[in-house]
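One structure is given here, and the rest of the page talks about it.
The values are calculated or read from the model by the stated rules, or taken from the named source; none is laboratory data. Note that the structure is a prediction, hence the values are computed from the model and not measured. Methodologically, a virtual Cβ is constructed for each residue, glycine included, from the backbone with ideal geometry; neighbour enumeration extends over all protein chains shown.
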Amino acid sequence: MNSVFEPLVREVLPAIVAFRRELHARPELSFQEHETSRRVREELARLPGIRVLDPFIGTDVVAVLDGAGGGRCLVLRADMDALPITEQTGAVYASGTPGVMHACGHDGHTAMLLGAATVLAGMDRPLPGRVVLVFQPAEEDGGGGGQLCARGVLESLKADAALALHAWPNLPVGTIGIRAGEAMAANFELGIRIRGRGSHGAYPHRGIDPVVVAAQVISALQTIVSRNIDPQDPAVVTVGCIRAGQASNVIPDTCEMTGTIRFVRSETGGYLRQAVDRVVRHTASALGAEAEVTIRDSYPPMYNAPELADLVVQTGRAVLGKDAVFTDLAISMGVEDFAFYAQRVPAAMFRLGIRPADRETYPSLHQSDFDFNDQALPTGIVMFCELARRFLEGR
Ligand SMILES: [Zn+2]
Ligand SMILES: [Zn+2]
């Protein structure tokens with residue numbers, strides 16, 4: 001790595017590895033990050049020149065490192081929450097909480113932001129501006145980022161821009177990736193309730209079977225993306241959950257389903273909203289049942305401001321090497337509540353490679369054998385620090 005921060009990053013690394021593993025062993029679900037945020041506050045309180053603010057929404061930790069008078073203000077954000085998944089990594093520091101694990105690398109994100117705070121606070125010369133560290137709750141479930149933004153965290157600290165990273169299993173350690181402009185999808189949450197009429201399983205003609213209706217509805221929904229959306233325009237309709245009945249020989253009254261609708265362009269989102277509603281209602285009614293459809297806004301699309309994406313690319317090339325920055329990435333159909341920040345200030349999120357160079361594959365995010373790779377910690381820390389320096393120096 002080619003960076004003035006490298007010696008300090010090496011110095012703090014053992015403590016940051018230990019902290020990452022401590023978080024991994026004690027994962028907490030969205031909005032329940034009590035111990036995680038307490039530990040982050042505790043560690044930040046030891047650093048010189050850092051002001052830790054009172055919580056904005058509960059388990060958030062927002063801290064400010066004031067630089068040498070005036071200048072711009074950059075937000076660096078990490079998410080802290082874990083997922084309701086039973087860990088199967090076999091790591092010595094595996095989750096001690098049954099059914100909960102850090103399967104999205106947020107333990108790594110939190111540890112790297114603490115590492116960057118430690119390095120920046122330890123510099124002899126202050127930066128020419130202000131760095132705000134946002135340790136955010138509830139990225140996975142509940143949109144902690146949206147709530148924090150709604151509370152005015154960016155405006156109250158006069159943020160000029162915001163940057164974040166996400167662990168990325170497809171990219172090798174020591175590399176980063178970023179796509180300028182549209183980078184990640186937006187989503188709606190879909191709820192469907194099919195009302196038929198219950199009956200004995202042996203006498204289907206006396207009822208209206210909502211399970212059979214649901215099967216037709218699920219199949220019909222597949223035609224929207226495949227037949228009505230331009231193949232060049234990314235969109236997904238997934239039914240992920242279906243619930244009906246209690247017994248093998250009873251036709252139930254209702255069948256409930258939930259799913260996710262994803263898109264990048266807002267016009268496509270508008271089309272999907274009305275098409276899903278129409279297909280579900282009319283398919284159900286054709287079969288004599290009734291359907292209630294609810295489609296709720298969830299996360300907006302993630303848009304990487306071109307000037308910030310360029311800063312990430314230039315910084316990555318200078319610090320990690322010319323070949324260590326991937327820019328030809330496809331749009332991810334994943335969603336990210338960092339997109340709420342991007343609606344208010346120019347923002348960019350880059351992907352941090354975590355796959356060991358000698359491995360072809362790496363477990364996916366949200367998989368029970370996923371674990372953040374500690375080898376990527378120094379890359380993330382140095383990128384956060386260099387981005388802060390270069391942004392505030394106006395380079
Ligand atoms: Zn996730
Ligand atoms: Zn994540």
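Which residues, taken from segment 336-354, are within 14 Å of ligand 2 (Cβ to nearest atom) and in contact with a Pro (Cβ under 8 Å, 6 or more places away or on another chain)? Can you show your working first?
Quick first cut of segment 336-354, residues within 14 Å of ligand 2 (Cβ to nearest atom) only: 336-339, 349-352, 354.
Selection gives Ala339, Ile354.
Looking at segment 289-334, which of the residues that are touching a Pro at 6+ places or on another chain (Cβ under 8 Å) and under 30 Å from Cys255 (Cα atoms) is surrounded by the fewest Cβ atoms within 10 Å (Cβ to Cβ)? Working first, answer last.
Looking only at segment 289-334, we keep the residues that are touching a Pro at 6+ places or on another chain (Cβ under 8 Å), and these are 289, 305, 307-308, 331, 333.
Within this subset, residues satisfying the condition of being under 30 Å from Cys255 (Cα atoms) are 289, 333.
Values: Ala289: 23, Met333: 17.
Result: Met333.
Is there any pair with a first residue in segment 269-285 that is on the phi < 0 side of the Ramachandran plot and modelled with pLDDT under 95 and a second that is in a helix (DSSP H, G or I) and crowded, with 17+ Cβ neighbours inside 10 Å whose Cβ atoms are under 6 Å apart and which are 6 or more apart or on different chains, and what are they? No pair meets every condition. Taking the criterion of being in contact with a strand residue (DSSP E or B) (Cβ under 8 Å, 6 or more places away or on another chain) and assigned to a loop (DSSP other than H, G, I, E, B), the residues of segment 355-395 that qualify are Pro356, Ala357, Thr361, Tyr362, Pro363, Ser364, Leu365, His366, Ser368, Phe370, Phe372, Asn373.
Scan segment 106-130 for residues that are farther than 13 Å from Pro378 by Cβ and either charged (D, E, K, R) or in contact with a strand residue (DSSP E or B) (Cβ under 7 Å, 6 or more places away or on another chain) (or both) and jot them down.
His106, Asp107, His109, Thr110, Leu113, Ala117, Leu120, Ala121, Asp124, Arg125, Gly129, Arg130 - these are the residues of segment 106-130 that are farther than 13 Å from Pro378 by Cβ and either charged (D, E, K, R) or in contact with a strand residue (DSSP E or B) (Cβ under 7 Å, 6 or more places away or on another chain) (or both).
Among the conditions (1) within 16 Å of ligand 2 (Cβ to nearest atom); (2) farther than 30 Å from Thr254 by Cα, Leu120 misses just one, which is (1).
Please tell me if Arg51 is assigned by TED's automatic domain parsing to the domain that holds Asp141, assigned to a helix (DSSP H, G or I) and either buried (at least 22 other Cβ atoms within 10 Å of the Cβ) or not polar (S, T, N, Q) (or both). Even if it seems obvious, please write down each step before you answer.
Working: assigned by TED's automatic domain parsing to the domain that holds Asp141: yes; assigned to a helix (DSSP H, G or I): no; either buried (at least 22 other Cβ atoms within 10 Å of the Cβ) or not polar (S, T, N, Q) (or both): yes.
Criteria not met by Arg51.
Kindly indicate whether any position in segment 97-111 is touching a Cys at 6+ places or on another chain (Cβ under 6 Å), assigned by TED's automatic domain parsing to the domain that holds Leu308 and either within 16 Å of ligand 2 (Cβ to nearest atom) or part of a strand (DSSP E or B) (or both). Looking for residues that are touching a Cys at 6+ places or on another chain (Cβ under 6 Å), assigned by TED's automatic domain parsing to the domain that holds Leu308 and either within 16 Å of ligand 2 (Cβ to nearest atom) or part of a strand (DSSP E or B) (or both), one finds none in segment 97-111, hence no.
Checking Arg389, Arg317, Arg351 one by one, the residue that is without any contact (Cβ under 8 Å) to a residue 24 or more places away in the chain and closer than 22 Å to Gly115 by Cα is Arg317 and no other.
Please find, among Leu29, Leu44, the residue that is surrounded by 19 or more Cβ atoms within 10 Å (Cβ to Cβ) and either charged (D, E, K, R) or touching a residue at least 60 places away in the same chain (Cβ under 8 Å) (or both). Don't jump to the end; show me each part of the working.
Values: Leu29 fails: surrounded by 19 or more Cβ atoms within 10 Å (Cβ to Cβ).
Exactly one of Leu29, Leu44 is surrounded by 19 or more Cβ atoms within 10 Å (Cβ to Cβ) and either charged (D, E, K, R) or touching a residue at least 60 places away in the same chain (Cβ under 8 Å) (or both), namely Leu44.
Determine whether Leu74 is closer than 14 Å to His106 by Cβ and touching an Asp or Glu at 6+ places or on another chain (Cβ under 7 Å). Considered against the rule, which asks whether it is closer than 14 Å to His106 by Cβ and touching an Asp or Glu at 6+ places or on another chain (Cβ under 7 Å), Leu74 comes out as no.
Look at Ala183 and say whether it is surrounded by 24 or more Cβ atoms within 10 Å (Cβ to Cβ), under 30 Å from Gly49 (Cα atoms), within 15 Å of ligand 2 (Cβ to nearest atom) and small (Gly, Ala, Ser). Walk me through it before giving the result.
Values: surrounded by 24 or more Cβ atoms within 10 Å (Cβ to Cβ): yes; under 30 Å from Gly49 (Cα atoms): no; within 15 Å of ligand 2 (Cβ to nearest atom): yes; small (Gly, Ala, Ser): yes.
No; evaluated as a whole, the condition is false for this residue.
Here the condition is being charged (D, E, K, R) and either outside the structural domain of Ala117 (by TED's automatic domain parsing) or outside any helix (DSSP H, G or I) (or both); of Glu35, Glu42, Glu28, it holds for Glu28 alone.
So that you can scan it fast, the table gives a plain yes or no per residue for (1) surrounded by 14 or more Cβ atoms within 10 Å (Cβ to Cβ); (2) among the aliphatic types (A, V, I, L, M); (3) more than 16 Å from ligand 1 (Cβ to nearest atom):
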residue: Leu83; (1), (2), (3): yes, yes, no
residue: Gly90; (1), (2), (3): no, no, yes
residue: Val100; (1), (2), (3): yes, yes, no
residue: Leu120; (1), (2), (3): yes, yes, yes
residue: Arg125; (1), (2), (3): no, no, yes
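So which of Arg151, Arg195 is among the basic types (Lys, Arg) and not assigned by TED's automatic domain parsing to the domain that holds Arg77? I'd like the intermediate steps shown before the answer.
Values: Arg151 fails: not assigned by TED's automatic domain parsing to the domain that holds Arg77.
Exactly one residue qualifies, and that residue is Arg195.
The rows are residues; the columns are (1) of a type in the set (A, V, I, L, M); (2) crowded, with 20+ Cβ neighbours inside 10 Å.
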{"site": "Ile192", "(1), (2)": "yes, yes"}
{"site": "Ala202", "(1), (2)": "yes, no"}
{"site": "Gly207", "(1), (2)": "no, no"}
{"site": "Thr223", "(1), (2)": "no, no"}
{"site": "Ile229", "(1), (2)": "yes, no"}
{"site": "Asp233", "(1), (2)": "no, no"}
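Number of residues in segment 339-361 that are under 30 Å from Pro7 (Cα atoms) and within 15 Å of ligand 1 (Cβ to nearest atom): the value is 4.
Determine which member of the set Val212, Val132 is assigned to a helix (DSSP H, G or I), touching a helix residue (DSSP H, G or I) at 6+ places or on another chain (Cβ under 9 Å) and away from ligand 1 (no atom under 16 Å from the Cβ).
Values: Val132 fails: assigned to a helix (DSSP H, G or I).
Answer to the check: Val212.
Just to verify a result, which residue in segment 320-334, among those that are away from ligand 1 (no atom under 16 Å from the Cβ) and in a loop (DSSP other than H, G, I, E, B), is farthest from Ala235 (Cα to Cα)? So the residue we want is Gly321.
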